[in-house]
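The values are calculated or read from the model by the stated rules, or taken from the named source; none is laboratory data. Predicted model only: the values in this text are computed from it and were never measured. In this analysis, Cβ positions are derived from the backbone assuming ideal geometry, glycine residues included, and neighbour counts consider all displayed protein chains. Each accessible area value is taken on the protein alone, full model and side chains, heavy atoms only, with ligands, DNA and RNA left out. Shrake-Rupley method; radii C 1.70, N 1.55, O 1.52, S 1.80 Å.
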Amino acid sequence: MRVVVTGATGNIGTSTIRALTQDPAVTAVTGLARRRPGPDAAGETDPSGTGKLQWEEADVTDSDLVPLMRGADAVIHLAWLFQPTHRPAVTWDANAVGSARVFDAAAEAGVPALVYSSSVGAYSPGPKDRPVDESWPTHGWPGAAYSREKAYVERLLDAFETANPSCRVVRIRPGFIFERGSAAQQRRLFAGPLLPGRLARPGLIPIVPDLPGLRLQVLHSADAGQAFRLAATGDARGAFNIAADPVMDAAELAGLLGARTVRLPARGVRAALAAAWGLHLVPASPGLFDLALQVPLMDTARARTELGWTPRHTAREAITEFLEGLRAGAGRDTPPLSPETGGTMRAREFSTGIGRKP
């Protein structure tokens, strides 16, 4: 079978490409990205050297996607912009309008299966003391552009399924995804250039804030890639939550960092983050902070039983690997993941305006 992947050079994309090229049932993979990856990316995304992988430059906001999808057996839609948080019209165009263009192209090309990367962030606020299944409302949190856009695209998919009943649609809703190779990108997207990577070493961070609602689900990017492979090559339909155990809270994070927990009011931490974001010192908006404290815990039983997905890495292993990558400034040879994207001494991040560039 042939699979087309949008956003193929990102954190989830590179892992999904790697999983697909190693699947004997997949004979061809087309990776779509705004910018071509570097020469070393082929070895990272197709380590077995199968020759199945072909890269195509395409932007979901303005490229003609239909010819690229025609003849495909499945399309996996991963393309997404987290930044710029200070210019929400840019992320809306890429994420909401871009997703609509991907879905329309898949319908016009007659693709029989569409797999979309939704998120725990699409869910309405929910409980932290028990997991919810895929029937929990996906209205998002209105204070965060990321959540609004993920919820909106869920509604786009509802309409797509009604209009295209012959197309098999799968929605994967992951928790927070980490790996070593994503460290440079995620530092750039969420913490900004002022965070020294060497601080991620155990013993150098003395405290971890113990905030009400700080209970998050995490998984390794490689495990996310396998979930998207299974969704594309199998016969599953509908929504699937994916995350690894254990749930990460302040105590778990403190244990990884050799730190102690200190109870702090969420309001004070949010006020400090809002001030730093308003001054363009950090790229992550206070709305993302609110979202992290309000997303529900997810029940992953359906993914394990119906999709046949089981994570190989624990949540602790994913975070530990990410912290090691953060200390080393690790990345991959693709434009989104490369440590060089921020420029020497992270100068480009300062010069282009923190939180103002994709």
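See the values below:
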item	result
Residues that are among the aliphatic types (A, V, I, L, M) and open to solvent by 30 Å² or more (accessible area, probe 1.4 Å), drawn from region 301-322	Ala301
Among (1) open to solvent by less than 20 Å² (accessible area, probe 1.4 Å); (2) more than 21 Å from Thr16 (Cα to Cα); (3) of a type in the set (Asp, Glu), the one test that Glu252 misses	(1)
Residue that is surrounded by the most Cβ atoms within 10 Å (Cβ to Cβ) [pool: residues in region 323-351 that are of a type in the set (A, V, I, L, M, F, W, C) and under 14 Å from Glu179 (Cβ atoms)]	Leu337
Residue ID - modelled with the lowest pLDDT, chosen from residues in region 315-352 that are among the polar types (S, T, N, Q) and in a loop (DSSP other than H, G, I, E, B)	Thr352
Some residue of region 259-282 being farther than 17 Å from Gly175 by Cβ, of a type in the set (D, E, K, R) and either in contact (Cβ under 8 Å) with a residue 60 or more places away in the chain or in a loop (DSSP other than H, G, I, E, B) (or both)	no
Failed criterion for Ser118 (all others in (1) open to solvent by 70 Å² or more (accessible area, probe 1.4 Å); (2) within 27 Å of Gly213 (Cβ to Cβ); (3) touching a residue at least 40 places away in the same chain (Cβ under 8 Å) hold)	(1)
Residue count, region 19-59 (criterion: open to solvent by less than 40 Å² (accessible area, probe 1.4 Å) and more than 22 Å from Ala94 (Cα to Cα))	13
Unmet criterion (only one of (1) at pLDDT 95 or above; (2) among the hydroxyl-bearing types (Ser, Thr, Tyr); (3) out of contact with any Lys or Arg (no Cβ under 8 Å at 6 or more places or on another chain)) for Thr16	(3)
Pairs, first on the phi < 0 side of the Ramachandran plot and part of a helix (DSSP H, G or I) in region 1-13, second buried (at least 24 other Cβ atoms within 10 Å of the Cβ) and of a type in the set (Ser, Thr, Tyr), C-beta under 7 Å, six or more apart	Asn11/Ser182; Asn11/Ser221; Ile12/Ser117; Ile12/Ser221
Qualifying residue in region 22-35 (condition: in a helix (DSSP H, G or I) and within 21 Å of the chain's Cα centre (by Cα))	no
Elements of type strands (runs of 3 or more DSSP E) in region 43-132, at least 2 residues being aliphatic (A, V, I, L, M) and at pLDDT 95 or above	74-77, 113-117
Residue match in region 69-84 (condition: closer than 30 Å to Leu214 by Cβ and open to solvent by 60 Å² or more (accessible area, probe 1.4 Å))	yes
Test: residue in region 204-225 that is modelled with pLDDT under 95 and under 27 Å from Pro358 (Cα atoms)	no
